[in-house]
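Reviewing the structure listed below.
Read-outs throughout are calculated quantities, based only on the coordinates presented, and are distinct from any laboratory measurement. Owing to the predicted nature of the structure, the values given are computational and were not obtained by experimental measurement. Positions of Cβ are backbone-derived with ideal geometry, glycine not excepted, and every protein chain shown enters the neighbour counts.
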Amino acid sequence: MKLTKNEKKTLKLLIENGRTSDAEIARMLAITPQAVGKIRKKLETEGIIQGYSTSIDYERIGIKIMALAMFKFTTEARKTILTEEDINQRIKGPHIINFYRVPEGDVTHIVTYGFRSLEELDHYFHILQTERGHVSEIIKLFIFSSASMRKKSDKELMIKVIDEIGHEGYARPMPPLDGNEKVPPLKKKPLAEMGYKK
């Protein structure tokens, strides 16, 4: 993917705040609002910008309980039931926040959910196990409060990737704030030892 300097800057400003007007962006970049409009239209047409959304505080609107579930489709379901259309229909439920397919291993998909209460979560998973257990089995379920979420944004990642277009580097964790953390000698583990399978 290639982006001009102004396309990158426009995209980053919209990632930070999707409500930023073309006139505001134009002023910050010292270009015309018409030029910003063309950039925005190009980014939308190419599918880089897929929409504009509002960031909501889960807890304030009553979503108190989150769950991360690891599932495995049953062998029978894989043979007879699951088509792409069927999977797409099953993940439309309002409690499903994210759905990820895992290429291989003991887990076939990972799903994150949101609920108002433990009772609501309990009822949901009871139905899932009793009525749909023939399709998939829960391998592991993690339950936590929405208040325990420390980060729920991919903005920093998107800005980093945009900044690095054309000179991509390796990912690294952020260093500690004080810089005094003792760093032990690096011992690189093969990915296979960390559970990654090709």
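Points worth noting:
- Sequence-separation-based contact order of region 1-74, relative, with Cα cut under 8 Å and 6+ spacing, percent: 21 percent
- Treating r as the C-beta distance of Lys92 and Met1 and R0 as 22 Å, the FRET efficiency rounds to 0.15.
- Each Lys and Arg contributes +1 and each Asp and Glu -1, all at the Cβ; summed about the Cα centre of region 1-143, the dipole is approximately 860 debye.
- In angstrom, the C-alpha Rg and Dmax of the chain are 21.8, 61.
- Listing Phe144, Phe71 from fewest to most neighbouring C-beta atoms within 10 Å gives Phe144, Phe71.
- Counting all C-alpha pairs of region 1-43, share separated by more than 17 Å (%): 15 percent
- The mean sequence separation of alpha-carbon pairs under 8 Å and at least six residues apart, normalised by the residue count of the chain, gives a relative contact order of 25 percent.
- Highest mobility in the GNM of the chain, judged by mean-square fluctuation with C-alpha springs under 10 Å and restricted to Met28, Met70, Met149, is found for Met28.
- Dipole of the chain, positive direction: furthest Cα of Asn6, Thr112, Gly62, with charges on the beta-carbon: Asn6
- When the listed pairs Lys5/Lys151; Lys9/Lys160; Lys5/Lys155; Lys5/Lys160; Lys92/Lys155; Lys2/Lys38 are checked against a 22 Å cut-off, the alpha-carbon distance exceeds it for Lys5/Lys151; Lys92/Lys155.
- Length gained on full extension, Glu16 to Ile143: 42.7 nm, using 0.36 nm per residue less the C-alpha separation.
- Span-like helix ranges in the chain, DSSP H, alpha carbon extent 15 angstrom or more, Kyte mean at least -1.0: 5-16, 33-45, 118-132
- Computed log₁₀ I(q)/I(0) - Debye formula, equal Cα scatterers, no solvent, region 59-148, q 0.10, 0.23, 0.26 Å⁻¹: -0.26, -1.26, -1.51
- Cα-projected label distance for Tyr170 with Tyr52, points at 7 Å along beta-carbon direction, nm: 4.0 nm
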